[in-house]
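Okay, so here's the structure we're looking at.
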There are 2 protein chains.
Amino acid sequence: MPIQLSPGDLPVVAGTGPDVCARPALVSDPIDEASAAGLAQVFRALGDPVRLRLLSLIGAREGGEACVCDLTSAFDLSQPTISHHLRVLREAGLIDSDRRGTWVYYRLVPSALERMAGLLSVPLG
Amino acid sequence: MPIQLSPGDLPVVAGTGPDVCARPALVSDPIDEASAAGLAQVFRALGDPVRLRLLSLIGAREGGEACVCDLTSAFDLSQPTISHHLRVLREAGLIDSDRRGTWVYYRLVPSALERMAGLLSVPLG
DNA sequence: GGGCTTCATAGATGTCTGTCGATACAGAAG
DNA sequence: CTTCTGTATCGACAGACATCTATGAAGCCC
């Protein structure tokens, strides 16, 4: 069990709860260091071209999910590298995985994406 | 001249144009490598706790701007380090600077923030 | 069981990045 | 012009990260 998230420092929303528009708006109020650290982890996960394209490929897939083999074939990178990027996205709470037989399917976590979107929404400018 | 942005791969919005809700939605359509690289730069700029707090401090300031001295005093970091982070945010197009006398004032670029927010908005889930 | 396919993990390596102290630059003030 | 204050840049260095190859683990099929 090598990767264990300490639940305190990752402010990831659980499940797909409808509390999306709480408008915590990064920009309207100074955030504390702990929140900043948690949010930065998620933005850092988004801060790689490969991972952005992975999200994009998963989301564009009909059914909203894609298996690793499909994703790997879309890049000029080794399979372990893709697996690594998927792990980063999963640890950030942006995607979720689900094994079905031999294949592992990944899908987006919409609430996590919406939450980050809400943070960047400027209240008044 | 160590850091030079090639204007092609940074899809930064110029100024505060009102083309905010074009809904390019990262997730609805697979993005190409060039777009991914440009967007990743902006997300990477957001992927640091100090930079998130800087954005937050600037945005929360009345008048929407803050001088470097105010920002530096809010952290336990050296002034060059804060200056470095501000540069990363500026090169990502997230903030803009303006010298008035001895002081340099930074303010948010709302259109850039909105653009990133729009990318993360999930069309249907 | 043995082999095959799909995916994850481990370890190594080169590059990027956050941080610092030292220094240079710009403007105000004497 | 000199000095002082506020910012930016430079060079260095430690830690993080993206990538690879090799290997392990899980599930199917013969």
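The values are calculated or read from the model by the stated rules, or taken from the named source; none is laboratory data. Owing to the predicted nature of the structure, the values given are computational and were not obtained by experimental measurement. In this analysis, Cβ positions are derived from the backbone assuming ideal geometry, glycine residues included, and neighbour counts consider all displayed protein chains. When the accessible area is computed, the model is the full protein with side chains, heavy atoms only, and any ligands, DNA or RNA have been set aside. Shrake-Rupley method; radii C 1.70, N 1.55, O 1.52, S 1.80 Å.
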message = Which numbered condition in (1) within 16 Å of DNA strand D (Cβ to nearest atom); (2) more than 30 Å from A:Arg61 (Cβ to Cβ) is the only one that B:Leu39 fails?
response = (2)
ask   = Before we move on, is A:Asp19 surrounded by fewer than 16 Cβ atoms within 10 Å (Cβ to Cβ) and at pLDDT below 85?
value = yes
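Consider A:Ala40 carefully, then state whether it is within 8 Å of another protein chain (Cβ to nearest Cβ) and open to solvent by less than 20 Å² (accessible area, probe 1.4 Å).
Against the criterion (within 8 Å of another protein chain (Cβ to nearest Cβ) and open to solvent by less than 20 Å² (accessible area, probe 1.4 Å)), A:Ala40 qualifies.
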ask   = Based on what the data block shows, is A:Leu26 touching a strand residue (DSSP E or B) at 6+ places or on another chain (Cβ under 9 Å) and away from DNA strand C (no atom under 14 Å from the Cβ)?
value = no
query = Are any residues in the stretch B:65-82 open to solvent by less than 60 Å² (accessible area, probe 1.4 Å) and within 15 Å of B:Pro49 (Cα to Cα), and if so, which ones?
reply = B:Leu71, B:Thr72, B:Ala74, B:Phe75, B:Thr81, B:Ile82
request  = Among the residues of the stretch A:62-91, count how many are more than 17 Å from A:Ala112 (Cα to Cα) and more than 12 Å from DNA strand D (Cβ to nearest atom).
outcome  = 9
inquiry  = So if I check each of A:Leu54, A:Leu119, A:Leu94, which one is in contact with a helix residue (DSSP H, G or I) (Cβ under 9 Å, 6 or more places away or on another chain), away from DNA strand D (no atom under 14 Å from the Cβ) and within 11 Å of another protein chain (Cβ to nearest Cβ)?
reply    = A:Leu119
task = Kindly provide the set of residues from the stretch B:22-37 that are in contact (Cβ under 8 Å) with a residue 24 or more places away in the chain and more than 7 Å from chain A (Cβ to nearest Cβ), ordered by number.
result = B:Ala22, B:Arg23, B:Pro24, B:Ala25, B:Ala34, B:Ser35
request  = Would you be able to tell me the number of residues in the stretch B:55-69 that are more than 16 Å from DNA strand C (Cβ to nearest atom) and among the polar types (S, T, N, Q)?
outcome  = 0
remark   = Residue hits (the stretch A:84-125; within 11 Å of DNA strand C (Cβ to nearest atom), open to solvent by 50 Å² or more (accessible area, probe 1.4 Å) and not in a strand (DSSP E or B)) are A:His84, A:Arg87, A:Arg90, A:Gly101, A:Thr102
